[in-house]
Structures are given as C-alpha cells and as structure tokens.
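Some notes on the structure that comes next.
The values are calculated or read from the model by the stated rules, or taken from the named source; none is laboratory data. This one's a predicted model, so the numbers in the text were calculated from it and none came from an experiment. Here the Cβ positions follow ideal geometry from the backbone for every residue, glycine too, while neighbour counts run over all protein chains shown.
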2 protein chains.
Amino acid sequence: MPEPEECTRVDWPPPPLKEPDKRSYKRRAGELRARLLELQRRLREADFPVLLVFGGVDGAGKHELANLLTEWLDPRDIRTLAYLQQRQLSPREPPLLPHWRDLPARGKLAIVLSGWYTPGLLARARGEIDAEQWAQRLAAIAEFERDLVADGALLLKVWMHLDAKAQRERLRSLLADPAQAWQVQPRDWGHLHLYEEFMAATEPLIAQSREAGLPWQPIDGRHPRARSLAVTEALADALEARLAAAPTTTAAKRGRGRQAAVPDRLAEVAQPALDKGEYRERLHAAQAALHRHSQRLRLQQRGLVLVFEGWDAGGKGGAIRRMLQALDARMLRVHRIGAPDARERAHHYLWRFATRMPAPGHIAIFDRSWYGRVLVERVEGLAPPARWQAAYAEINRFEQAWTAAGNRLLKFWLHITPDEQLARFEARREDPLKRWKLTDEDWRNRQRWEDYALAANTMLQRCHAPQAPWVLVGANNKRHARVTVIESLNTMLDNAD
Amino acid sequence: MPEPEECTRVDWPPPPLKEPDKRSYKRRAGELRARLLELQRRLREADFPVLLVFGGVDGAGKHELANLLTEWLDPRDIRTLAYLQQRQLSPREPPLLPHWRDLPARGKLAIVLSGWYTPGLLARARGEIDAEQWAQRLAAIAEFERDLVADGALLLKVWMHLDAKAQRERLRSLLADPAQAWQVQPRDWGHLHLYEEFMAATEPLIAQSREAGLPWQPIDGRHPRARSLAVTEALADALEARLAAAPTTTAAKRGRGRQAAVPDRLAEVAQPALDKGEYRERLHAAQAALHRHSQRLRLQQRGLVLVFEGWDAGGKGGAIRRMLQALDARMLRVHRIGAPDARERAHHYLWRFATRMPAPGHIAIFDRSWYGRVLVERVEGLAPPARWQAAYAEINRFEQAWTAAGNRLLKFWLHITPDEQLARFEARREDPLKRWKLTDEDWRNRQRWEDYALAANTMLQRCHAPQAPWVLVGANNKRHARVTVIESLNTMLDNAD
C-alpha cells in the first residue's frame, strides 16, 4: 500500500469550525462569490467538467449548500443531480450507468447529492452487505472516478460531518418547531439510532478514498455560515488550481506503459465460402433460434448489446439486416455511430454510449461503437496517446459492469482482405445506387490499412473477456458472414448461464 | 362534415396489386431506389422531417418494407421506431408523450412501426373499448398528427392490407416451414380468429383519417415485389411533392383568425407588501404543507410540472429556490430554458419539453418554458405568425394530455411593474456579484414592454384551463411573491381530486 501523499492527507474527523459573526461572514461570502463567478466564467471556456460530490450525514447542510451555489452562480451552467433509490428499477441496470448518463459537459458544473456512494453506504450501515462487499463497491467507485479524472474532469468530494451530539441537537431543534419539523425525514441513515453504524461504514470510505488518491474533504457541518465559507472556498481553490494547470496534466498521468508485441489475429481469419442453398437453410434455422433466444432474454429482462466493427465495406449493414429479420422491432434499436456531434464531443467519449444502452429485456445493435476510441481516434490522432491507451481498461470496466448485472454482450469484427475491399469499393463506384456509400474517407482509411490492423489486433487482445468476447468473422463471402454472425450469437446465448 | 376533397379520397379495401416478374421488378426497383436516394439527398437540406407510418395486418410486409428502405437508403438519416406496449409502464404517462419524444429532426426520416395507432386498435379489436372511445382516441391522434403537419412535417401513412383469405394463406405457408414458423407471432391481432374484429376496428380509422384530411393510403400487401414498389413509389411521390412545394405552404394553412380584444389582466395584478415576520411564518408553514403534498404526489405516482414565466428580474430564481428548500432533490429537476441549441432547433418546439417531462411521482420546474413560443418568439418574430398563432391550441393539447393522465400542472406569471424592473436592473448593474445577470438583451426586451404585455395577456387568456391554470403573482415585493407561489400551489393541490 503506497504511503499517502502530502496532498491527499485528510483529517478525520474534521476539525471543528468556528461560526463567524454575520458581518464578517457577509464580507467573506461576498469575496468568495465574486471569486467563484470569475472562475465560473473561465470554466465556461475550459475543456473539462466539474463534479462537486456531497456526502455526509443528514442535517449537515448538503442541500442548503447546493441551493447556495445555485443562488451565487449562474444557474444555467449548474445542474443538481440526485437519485431516488427507487429509480433503479431493475437489477439489470449496472449501478453506475445512471451516473454515466448524467455526466456534465465540459465547462459545466454538476452538484451531486446522494450520488454513487449512497446505496452502498446505506446498505452497509443497515448491515445488508459485509465489510468486504463494501470494500468491493468502494473499489468499483474509485475506478469510475478515476475514469472521469483521467478524461480531465475536476472531481471535488466534500464530506459534511456532524458528530452524534451535534446531529442530535440539530434534529431536535428542527423537530421542536412544527413549521420546520418536516425537514427531518424518516430516513434510515444519518438518523440517531443508526449514527454509530453510519460512522463505522464511513471510515473505510474516507480511508479508501485517500488510498485511491481521490480523497474526500471532510468539513464540519455544525455552523451554517462556517460550512458555507469552507465549502465554497474549497470549490474556488480546486477550480483555480485546475484552471491554472496545463489542460492535459491529469490526463497524461494515466495509460503509460510499453507496447507489447501484438499477435496478428486478423491474419488467421479464415474466409470460407457458402453456397446459396446451404446459406438459405442455415440462415432460416439460425434466425428461428435467435428469435427464441430473444424471447427468452425478454422474459428474463436481460439486455443484449451487439457491437459491429470491421473494415469499410465489410458488410456490417447487411449482416445487421439479417438479424433484424429475426427480431421484434419493438424491442430493438440500431445505433449507427458516426463522428460525434458538438454535444457528444463536449462529454466523456463513453457518455454517448451510456445513454444508448438498452432497457432491461431490450436489444441494442451498435454499427460501430465505443471501439472507435482505440481504432479511428487512435489511428487518426483524434485522441491523445495517453487517452486512447487508457481506453482499453475503461472499456473493459464499462463492459464488465454491463455483463455483471446479468446482461449479454457480443462483439463482431467483420473481416475482409484488402483485395476484397478494393473489389467492393470499385463495384460501389460503378453502381449509381451504391455510389453514395463510398466516400473519400474510405479511400484514405484504406491507405492506412496496416495502422488500422495494428489497432484492431491490439483491441482484440486487450478487450476480450469471457463475458464480452470478440468474434472474428471472415466476411469475404457475405453469405458466410451473415450466417456466422447469427450462429455465433446463438452459441453464446446457448452457453450463457 | 365537409365533403372529402379529391386529393384525400382513398379506395377501401385497396385494389389488388399484380405481382411483377423478377426482371421488371428489378428494373423498376432500381429506378425507384435511384430516385429515392436523390430525394433523400435533397431532404437532408430541407427544413422538415418525414414520418412514414405503417399500419395494417400482420404478414402484409410492414417489417420487410422497413428493412428494405434501410437497405436502399443511407441508414444514418433513418430511424425505425417501434413501441412495446409494455414500455408504457404507468397510466400517468400521456399516451402520445413517447412519440413526441421520438420525433425526428428536420431532414431525417422516421419509419414508425406499431406506433400511436396500435394500442387503441388492439383494444378495440379485443372489445376493451367501445366505438365511441375508439372515435375519441382517433380524434386525439388526428390532433397530434395535425400538430406535426402544421410544423412542416411530411406525414405519410401506409396501411398494409390483406384480405382474410390472403392472410390465412400467408400464415399457413409460414407455419408449414419449421424454419420460418417463428415468424408467425402469437399476437392477438391480425390473427385469423380476430380478423373480423380487426377489420371492423380498421374501418373507422380509415374513414376518420379521410375526414381529418390526413388519409391512410391502403396498399394490397399480398405480393412482396408489388407492395415494395407501391410503398416506395408512394414515398418518392410524397417526398417529391413536398420538396417542390414552398416551405411554408403547409404551415401557413393553420392558425388564421382575427385577433380579438385581449383583456389586460396584467394591469389588475395587486402588489401587496409583506413584512419579514409574517413572511417567515407563512413561508415555513407553506413549505411544510408543500413537503407533505410532495410526498403524497410521490405515493400516488403523479407527476408535477411547474412553469415560471414573467418579466426579466421578476424574481423567478428566488421563488424557485424557496420551493426547492421544501422538496426532496432526488425527485426533482429544475430546467432553465434559454435559446434552443442546434439540436433543439431541428425539432418541433415542443420536443425539448416532451423530453423533460417528469417521470411518475417526480417534479419538474421550468424556469421559462414552452410559452416562449407565444412570448419571445412572437414578439421578436422568431416564429412565423401562423406558427405562433397555432401554438395556443397546440400548447393547450400538450398540457391537457399531461393533466388528463392524472398529473398536475401549475403556471406562474411573476409580475413586476416597469419602475420596479428599472430599479432592479440598476441595482444589478451596480452590484459586482449580480452584474452578470444583466445582459443587453434585458435592456432591449424592456424597450418592448407593451409588445410583451400584449403577448402575455393573450397567452393568459388563451391558455388558461381549470386543470392547467395561470397564477398571476404580484412580485414587486419579493417576500410576497415567494410565499404566494408556494401557497397557491398548496391550494391547487388541496383542491385536486
């Protein structure tokens, strides 16, 4: 275990704050607000988002602080995120997926109330999970936060603390006033009788965040004015430091490592042919089986994600259409992924896929996918090396979260040889009905065949998992490719659980 | 009832089509595909979306046709929309809301399979609703479609027909082949034993669409080649006609009508003051009551939408924050509505609100709203007169659908006098912490006070409904405004059901 660095040391429990008098609060609050407004102006032009995550006990001012910041700053660039546990309707929804979907765009600030820590902390305080399970959840959260930070996000985690006595006093004073008693919610945690359990569950959270290098900043929440100054000052300091830093410092920290030799798996792909008669027979049989599988997935409420990657003119569209023939359009979406638009570029690259993952029992087919990060973005230099190198692990985590919740995932690489591609490009060029499919970019990509092959082979090596495997499909013969895709999916679903 | 016009006449049942031989099919299909590709290219630059809606019996080729079009055309500009009934999880979700959310952007084509007609048609065929209820649903759908067409959408509705004998033959031939039998789904409708009921339910659908001026085009679905040519030709003809027409022809048809005298309701707004002591007391009491209401709404799974409109510097933000203090952030979203971005401008103006309506039991607060259509867009000439004039009825329907499903809606106009606004603008200009709130636009809007007042008064008159009322709040005194907003909401919720 590494020694905690100077900058990540935290005091726990936090030192008590002294409440300033109204006049000096007013003066300091005015200064801080002016400073934050200026920082917010600069943030708008910056290339990173800010997540201010609140944790801590009830009554320590989390909601008041969120309201205060919305009042002080321009609310158009701020969003407050909070999650009802009930919103997570299905165990098939990966726990962090809602948070991926809600990530703020670059230049924006998200205030996270009762976010990704709450369900686990609650479960631990209630004794529903044991210490080891809690540690596992914390580790998964740390990975998630590191992914955000690696992409440049500024993550500030503030833990609002009250000791048992202060909380009791705070709740009592609220309960004594009939007009304010409603503010004391009949929640399980942060409540007096669970205080000890809550604190016991909090300690590993504080300790682990320190080890992970993403420490919570604990703040004494007893006094409204003192805590307002402390939190807004912490935000201003963090923002100022981040804006002063070179834009890529954080990102460059990750994803180092030497490039090991990559086996050329593409070279091994066989290219069998298939005659029309056998094609028809096998296609119909495979479609029938796929249809049955899809009904079972729906009953089991399992989501299915299919990823199609491969060379231009490799026949992805045709293979997808043969699948569609066997599936109920009402439980299915096909996502054709091109260059990201402005809104998508302003987010983490996984965001536009997180928002497209299927609902329980539904199917999503991605015609190109998040693997663009380690294919086109790598080869064309659209992502800095440290970022696409980090993407292998990020993608594996993203996929693992999906399958761990009981969902299915299969990834196809439709492989054609350079000669076959040339023949198809030329046929497209000659056919007035298909000419639009062929762009200058296709010819340019073809020039970089070797680069793309290396990128593909690296991806096949590094992002292959038992629950999220790649299937390499010889696609020089379209009939063979179309049948193989459906048959492989059936085999995977036959063997799953 | 108006005589059906020449252009809206339809033959029912559709005349039988003759299956062309393979060679002549190939030739005509090639011509049609080239024509459609060219039309799709022109559509990309056009300022309207296309909705191709399929209806009809199972086995008549709806899904095959959707696949065919995706194969023929550039699939990046096409989306196939289909809806599982199960997706509509709650009776609180207005039936057409999912379709509003899924509207295509201008320049795009949406193929709608089992869309907004399916649930009603199914219910009618099964005898779950009577003829009059079916007629009412058809009328509501006609309004929805008219709203889309009024906004410029090209709507093409194709009804795929099979007579009882042809359907029986089609299903039998599929069932006879074990590899294809799965294509016959155990659905209730379109099936042999419901065929008569299904046809009986279809007739009013065809007849009503004719009367409404948005007729279905019935097409004989017996022969795969013949129906492919018929449908793609119908799409090409419709697209060509629409692209040739002047862009605003359709839009200009609606929303005519003389401007009647508008009562000056703003002039009647009282501006009482409220002292600090009474303010505190009433605020706390009102917040406590609001909190209880919000818990009840959650239990009843009713959505609550609050709309805030009013003059610049009228105090909307402050009033909203006083509400937030009483509400659980986890069941709430505040939407601050500014000028639409590129993505939003490419859609119907109600689209960006449809996507933000709260889930059952949740709350959405709109700081400015869809009323921008009849306020800023009217006054600044951002929408053509026919379009903003049509918006009153469109908005009323949109709101009515929301409240009819058991949800709540309250709309606040925060009213300040011109002098008070000037004083606030000047105070903002002097205060370094608030200067950013004041823009040149605010001063410009102030110049057009009379125009905005007329627009506001018109809106108050035309969009006031018992279930979706406006509350005019005198806001010269901020304390009075903040308390009144919460108290009015409580009163409304006390009296609801």
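Could you check the stretch B:295-304 and list, in sequence order, the residues that are assigned to a loop (DSSP other than H, G, I, E, B) and surrounded by 17 or more Cβ atoms within 10 Å (Cβ to Cβ)?
The first filter runs over the stretch B:295-304 and keeps only residues assigned to a loop (DSSP other than H, G, I, E, B), leaving B:301-303.
If the condition is that a residue be assigned to a loop (DSSP other than H, G, I, E, B) and surrounded by 17 or more Cβ atoms within 10 Å (Cβ to Cβ), then B:Arg302, B:Gly303 are the ones that fit.
Taking the stretch B:273-284 only, how many residues are within 14 Å of another protein chain (Cβ to nearest Cβ) and surrounded by fewer than 17 Cβ atoms within 10 Å (Cβ to Cβ)? Don't jump to the end; show me each part of the working.
Start the filter on the stretch B:273-284 by keeping residues that are within 14 Å of another protein chain (Cβ to nearest Cβ), which leaves B:277-284.
Next cut, surrounded by fewer than 17 Cβ atoms within 10 Å (Cβ to Cβ) only: B:277-278, B:280-281.
The number of residues fulfilling the criteria is 4.
Could you grab the pairs with beta carbons closer than 6 Å, sequence gap of 6+ or different chains, first residue in the stretch A:270-283 and in a helix (DSSP H, G or I), second one not small (Gly, Ala, Ser)?
Between residues of the stretch A:270-283 that are in a helix (DSSP H, G or I) and residues that are not small (Gly, Ala, Ser), the close pairs are A:Tyr279/A:Arg479; A:Arg282/A:Val483; A:Leu283/A:Val483.
Would you tally the residues in the stretch A:415-438 being among the polar types (S, T, N, Q) and within 14 Å of chain B (Cβ to nearest Cβ)? Break it down stepwise before answering.
Going through the stretch A:415-438, the residues among the polar types (S, T, N, Q) turn out to be A:417, A:421.
Among the residues that remain, those that are also within 14 Å of chain B (Cβ to nearest Cβ) are: none.
Total satisfying the criteria: 0.
Given B:Ala270, B:Ala241, B:Ala251, B:Ala234, which one is at pLDDT below 95 and either surrounded by fewer than 16 Cβ atoms within 10 Å (Cβ to Cβ) or hydrophobic (A, V, I, L, M, F, W, C) (or both)?
On the way: B:Ala270 fails: at pLDDT below 95; B:Ala241 fails: at pLDDT below 95; B:Ala234 fails: at pLDDT below 95.
After ruling out the rest, the residue left standing is B:Ala251.
Check the stretch B:318-325 and report whether any residue there is crowded, with 20+ Cβ neighbours inside 10 Å, part of a loop (DSSP other than H, G, I, E, B) and more than 8 Å from chain A (Cβ to nearest Cβ).
No, because not a single residue in the stretch B:318-325 is crowded, with 20+ Cβ neighbours inside 10 Å, part of a loop (DSSP other than H, G, I, E, B) and more than 8 Å from chain A (Cβ to nearest Cβ).
So which of A:Gln300, A:Gln295 is free of Cβ contacts under 8 Å to residues at least 40 places away in the same chain, assigned by TED's automatic domain parsing to the domain that holds A:Phe425 and either in contact with a helix residue (DSSP H, G or I) (Cβ under 8 Å, 6 or more places away or on another chain) or not small (Gly, Ala, Ser) (or both)? Please lay out each step first, then the result.
Numbers: A:Gln300 fails: free of Cβ contacts under 8 Å to residues at least 40 places away in the same chain.
Unique residue meeting the criteria: A:Gln295.
Can you name every residue in the stretch A:124-152 that is part of a helix (DSSP H, G or I), of a type in the set (Asp, Glu) and surrounded by fewer than 18 Cβ atoms within 10 Å (Cβ to Cβ)? Don't jump to the end; show me each part of the working.
From the stretch A:124-152, those part of a helix (DSSP H, G or I) are A:124-125, A:131-150; that's our starting set.
Okay, now just the ones that are also of a type in the set (Asp, Glu), so A:132, A:143, A:145, A:147.
Selection gives A:Glu132, A:Glu143.
From the list A:Gln421, A:Gln400, which residue is outside the structural domain of A:Pro95 (by TED's automatic domain parsing), surrounded by fewer than 18 Cβ atoms within 10 Å (Cβ to Cβ) and part of a helix (DSSP H, G or I)? Talk me through it step by step, then tell me what you get.
On the way: A:Gln421 fails: surrounded by fewer than 18 Cβ atoms within 10 Å (Cβ to Cβ).
Exactly one of A:Gln421, A:Gln400 is outside the structural domain of A:Pro95 (by TED's automatic domain parsing), surrounded by fewer than 18 Cβ atoms within 10 Å (Cβ to Cβ) and part of a helix (DSSP H, G or I), namely A:Gln400.
Restricting to the stretch A:375-387, count the residues that are under 17 Å from A:Glu344 (Cα atoms), part of a helix (DSSP H, G or I) and touching a helix residue (DSSP H, G or I) at 6+ places or on another chain (Cβ under 7 Å).
Restricting attention to the stretch A:375-387, the residues satisfying the condition of being under 17 Å from A:Glu344 (Cα atoms) are A:376-377, A:382-383, A:387.
Among the residues that remain, those that are also part of a helix (DSSP H, G or I) are: A:376-377, A:387.
This time we only want the ones that are touching a helix residue (DSSP H, G or I) at 6+ places or on another chain (Cβ under 7 Å), so: A:377, A:387.
So the answer is 2.
Among (1) at pLDDT 95 or above; (2) not in a loop (DSSP other than H, G, I, E, B); (3) not hydrophobic (A, V, I, L, M, F, W, C), where does B:Arg292 come up short?
Against the list (1) at pLDDT 95 or above; (2) not in a loop (DSSP other than H, G, I, E, B); (3) not hydrophobic (A, V, I, L, M, F, W, C), B:Arg292 comes up short only on (1).
Among the candidates A:Ala390, A:Ala456, A:Ala405, which residue alone is touching a residue at least 60 places away in the same chain (Cβ under 8 Å) and under 26 Å from A:His362 (Cα atoms)?
On the way: A:Ala390 fails: under 26 Å from A:His362 (Cα atoms); A:Ala456 fails: under 26 Å from A:His362 (Cα atoms).
Matching residue, one of A:Ala390, A:Ala456, A:Ala405: A:Ala405.
Tell me, which residue of the stretch B:340-350 that is surrounded by fewer than 19 Cβ atoms within 10 Å (Cβ to Cβ) and touching a Lys or Arg at 6+ places or on another chain (Cβ under 8 Å) is farthest from the other protein chains (Cβ to nearest Cβ)? So that I can check it myself, show each step before the final result.
Initial filter on the stretch B:340-350 (surrounded by fewer than 19 Cβ atoms within 10 Å (Cβ to Cβ)): B:340-346.
Narrowing the set further to residues that are touching a Lys or Arg at 6+ places or on another chain (Cβ under 8 Å) leaves B:340-341, B:343-344, B:346.
Values: B:Pro340: 13, B:Asp341: 7, B:Arg343: 6, B:Glu344: 10, B:Ala346: 11 Å.
Once the filter is applied, the top-ranked residue is B:Pro340.
Does A:Ala82 count as modelled with pLDDT of 90 or more, within 14 Å of another protein chain (Cβ to nearest Cβ), surrounded by 17 or more Cβ atoms within 10 Å (Cβ to Cβ) and under 27 Å from A:Glu233 (Cα atoms)?
Details: modelled with pLDDT of 90 or more: no; within 14 Å of another protein chain (Cβ to nearest Cβ): yes; surrounded by 17 or more Cβ atoms within 10 Å (Cβ to Cβ): yes; under 27 Å from A:Glu233 (Cα atoms): yes.
When the stated conditions are applied, A:Ala82 does not pass them.
Can you confirm whether the stretch A:163-184 contains a residue that is crowded, with 16+ Cβ neighbours inside 10 Å, among the hydrophobic types (A, V, I, L, M, F, W, C) and within 26 Å of the chain's Cα centre (by Cα)?
No: the stretch A:163-184 contains no residue that is crowded, with 16+ Cβ neighbours inside 10 Å, among the hydrophobic types (A, V, I, L, M, F, W, C) and within 26 Å of the chain's Cα centre (by Cα).
Filter the stretch A:351-374 down to residues that are of a type in the set (A, V, I, L, M) and either surrounded by fewer than 20 Cβ atoms within 10 Å (Cβ to Cβ) or under 26 Å from A:Arg296 (Cα atoms) (or both) and give me whichever is modelled with the lowest pLDDT.
Residues of the stretch A:351-374 of a type in the set (A, V, I, L, M): A:354, A:357, A:359, A:363-365, A:374.
Right, trim to either surrounded by fewer than 20 Cβ atoms within 10 Å (Cβ to Cβ) or under 26 Å from A:Arg296 (Cα atoms) (or both) and you get A:354, A:357, A:359, A:363-365.
Numbers: A:Ala354: 95, A:Met357: 96, A:Ala359: 89, A:Ile363: 96, A:Ala364: 96, A:Ile365: 97.
Across the stretch A:351-374, the extreme among qualifying residues is A:Ala359.
Can you tell me how many residues within the stretch A:455-478 are touching an Asp or Glu at 6+ places or on another chain (Cβ under 9 Å), among the hydrophobic types (A, V, I, L, M, F, W, C) and assigned to a helix (DSSP H, G or I)?
Number satisfying all stated conditions: 2.
Is there a residue being in contact with a Gly (Cβ under 7 Å, 6 or more places away or on another chain), farther than 30 Å from A:Leu409 by Cα and within 9 Å of chain B (Cβ to nearest Cβ) anywhere in the stretch A:110-119?
No.
In the stretch A:424-453, how many residues are among the polar types (S, T, N, Q), without any contact (Cβ under 8 Å) to a residue 12 or more places away in the chain and assigned to a helix (DSSP H, G or I)? Can you show your working first?
We begin by selecting, within the stretch A:424-453, every residue among the polar types (S, T, N, Q); these are A:439, A:445, A:447.
Subset that is without any contact (Cβ under 8 Å) to a residue 12 or more places away in the chain: A:439, A:447.
When the remaining residues are screened for being assigned to a helix (DSSP H, G or I), the result is A:447.
The number of residues fulfilling the criteria is 1.
What single numbered condition from (1) of a type outside the set (Lys, Arg); (2) at pLDDT 90 or above; (3) out of contact with any strand residue (DSSP E or B) (no Cβ under 9 Å at 6 or more places or on another chain); (4) surrounded by 18 or more Cβ atoms within 10 Å (Cβ to Cβ) fails to hold for B:Glu93?
(2)
In the set B:Ile337, B:Ile363, which member is in contact (Cβ under 8 Å) with a residue 40 or more places away in the chain, within 13 Å of chain A (Cβ to nearest Cβ), among the β-branched types (Val, Ile, Thr) and closer than 24 Å to A:Asn67 by Cα? Give the steps one after another, and end with the answer.
Working: B:Ile337 fails: in contact (Cβ under 8 Å) with a residue 40 or more places away in the chain.
Only one candidate passes the filter, namely B:Ile363.
Here is a check on your reading of the model: is A:Ala313 assigned to a loop (DSSP other than H, G, I, E, B) and closer than 27 Å to B:Glu64 by Cβ? First the steps, then the outcome.
Numbers: assigned to a loop (DSSP other than H, G, I, E, B): yes; closer than 27 Å to B:Glu64 by Cβ: yes.
Here the answer is yes, as A:Ala313 does meet what is asked.
For the stretch A:303-357, how many residues meet the condition of being of a type in the set (Phe, Trp, Tyr) and under 20 Å from A:Phe425 (Cα atoms)?
First, the residues of the stretch A:303-357 that are of a type in the set (Phe, Trp, Tyr): A:308, A:311, A:349, A:351, A:353.
If we keep only those that are under 20 Å from A:Phe425 (Cα atoms) as well, we get A:308, A:311.
Result for the stretch A:303-357: 2.
Please determine whether any residue of the stretch B:50-59 is surrounded by fewer than 18 Cβ atoms within 10 Å (Cβ to Cβ), under 21 Å from B:His347 (Cα atoms) and modelled with pLDDT of 90 or more.
Quick first cut of the stretch B:50-59, residues surrounded by fewer than 18 Cβ atoms within 10 Å (Cβ to Cβ) only: none.
Looking for residues that are surrounded by fewer than 18 Cβ atoms within 10 Å (Cβ to Cβ), under 21 Å from B:His347 (Cα atoms) and modelled with pLDDT of 90 or more, one finds none in the stretch B:50-59, hence no.
Of all residues in the stretch A:287-329, which are within 22 Å of A:Gly406 (Cβ to Cβ) and within 25 Å of the chain's Cα centre (by Cα)?
To start, the set of residues in the stretch A:287-329 that are within 22 Å of A:Gly406 (Cβ to Cβ) comprises A:289-307, A:323, A:327-328.
Listed by number, the residues that qualify are A:Leu297, A:Arg298, A:Gln300, A:Gln301, A:Arg302, A:Gly303, A:Leu304, A:Val305, A:Leu306, A:Val307.
Checking the conditions here, which among B:Leu409, B:Leu422 is in contact with a Ser or Thr (Cβ under 6 Å, 6 or more places away or on another chain) and at pLDDT 95 or above? Steps first, please.
Values: B:Leu422 fails: in contact with a Ser or Thr (Cβ under 6 Å, 6 or more places away or on another chain).
Step by step, each of B:Leu409, B:Leu422 is checked, and only B:Leu409 is in contact with a Ser or Thr (Cβ under 6 Å, 6 or more places away or on another chain) and at pLDDT 95 or above.
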